[in-house]
């Protein structure tokens, strides 16, 4: 049975009463909805985020830099509850006019520099600290190839497959088939690349791994969309091998916890202001709203 057809109107009109899971925060205009300043901590970098796949990229990068002993990469990570619309505050919009997490302010310089979009944050920090981005021209180009691959591919996974498979109020065959085909093709691209390379861009761990792992690693391990069986994730053996290896890195373990406000309490750290926060977590602290 085919899906019912839809005839677009001559002029599209927004329906704020949509039953989509995200209808309360989606709108066709930009700008802030309310006045509220962002909090500012004592460290050089202020990160405003949530532990979605995009948000996790930034916190993994910070924790990997700190794991190397780079104290100048100390940061405050502030929780932004996107389902409550905190990304539409006047303060957040000043840091990211696109109202998406993660957003970052580098206060190690005067005036401070705002950096938004997860790929831009990874690239900015890699250049600033000279880590996780090769200097060899060929290796650097390959790393950037895969970083931009993730930027272009993830919307098909999240806004395409994830939305229609997991979140859309009604399930329709055509969009699910269309985006499933594309996501499986993307997984095959990664699996073939990882068949002959330890990491995404070769034998060196880079920002390309940090960008791709939170999305595609989570997908094959069934922690986003609960679609691993549907996608036959077990067949992408090289992606699984790479996913498991990265999951054991101390920086990754810590980074995936920061700004996480769901799941097992042991996996959550709502805000991060000091390395000791990972050891000082308690149920009361985790459950408190700041």
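Among all residues of segment 192-200, there is none that is touching a helix residue (DSSP H, G or I) at 6+ places or on another chain (Cβ under 6 Å) and in contact (Cβ under 8 Å) with a residue 60 or more places away in the chain.
So that you can scan it fast, the table gives a plain yes or no per residue for (1) surrounded by 23 or more Cβ atoms within 10 Å (Cβ to Cβ); (2) farther than 24 Å from residue 23 by Cα; (3) touching a residue at least 24 places away in the same chain (Cβ under 8 Å):
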residue: 46; (1), (2), (3): no, yes, yes
residue: 54; (1), (2), (3): no, no, yes
residue: 59; (1), (2), (3): yes, yes, yes
residue: 63; (1), (2), (3): yes, yes, yes
residue: 83; (1), (2), (3): no, no, yes
residue: 112; (1), (2), (3): no, yes, no
residue: 125; (1), (2), (3): yes, yes, yes
residue: 133; (1), (2), (3): no, yes, yes
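Residues of segment 149-158 being exposed (fewer than 15 other Cβ atoms within 10 Å of the Cβ) and touching a residue at least 12 places away in the same chain (Cβ under 8 Å), which ones? The answer is 151, and nothing else. The condition of being modelled with pLDDT under 95, over 27 Å from residue 165 (Cβ atoms) and part of a helix (DSSP H, G or I) holds for residue 285. Checked against the criterion of being within 17 Å of the chain's Cα centre (by Cα), under 23 Å from residue 142 (Cα atoms) and in contact (Cβ under 8 Å) with a residue 12 or more places away in the chain, the candidates 205, 216 yield just one match: 216.
The rows are residues; the columns are (1) surrounded by fewer than 17 Cβ atoms within 10 Å (Cβ to Cβ); (2) over 18 Å from residue 55 (Cβ atoms); (3) without any contact (Cβ under 8 Å) to a residue 12 or more places away in the chain; (4) more than 18 Å from the chain's Cα centre (by Cα).
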site: 105; (1), (2), (3), (4): no, no, no, no
site: 160; (1), (2), (3), (4): no, yes, no, no
site: 175; (1), (2), (3), (4): yes, yes, no, yes
site: 183; (1), (2), (3), (4): no, yes, no, no
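Among the residues of segment 233-282 satisfying the criterion of being loosely packed, with under 11 Cβ neighbours inside 10 Å and assigned to a loop (DSSP other than H, G, I, E, B), which is modelled with the highest pLDDT? Filtering segment 233-282 for residues that are loosely packed, with under 11 Cβ neighbours inside 10 Å and assigned to a loop (DSSP other than H, G, I, E, B), the one modelled with the highest pLDDT comes out as 248.
The values are calculated or read from the model by the stated rules, or taken from the named source; none is laboratory data. These numbers were taken from a predicted model, which means no experiment stands behind them. All Cβ positions, glycine included, derive from the backbone under ideal geometry; neighbour counts span all protein chains shown.
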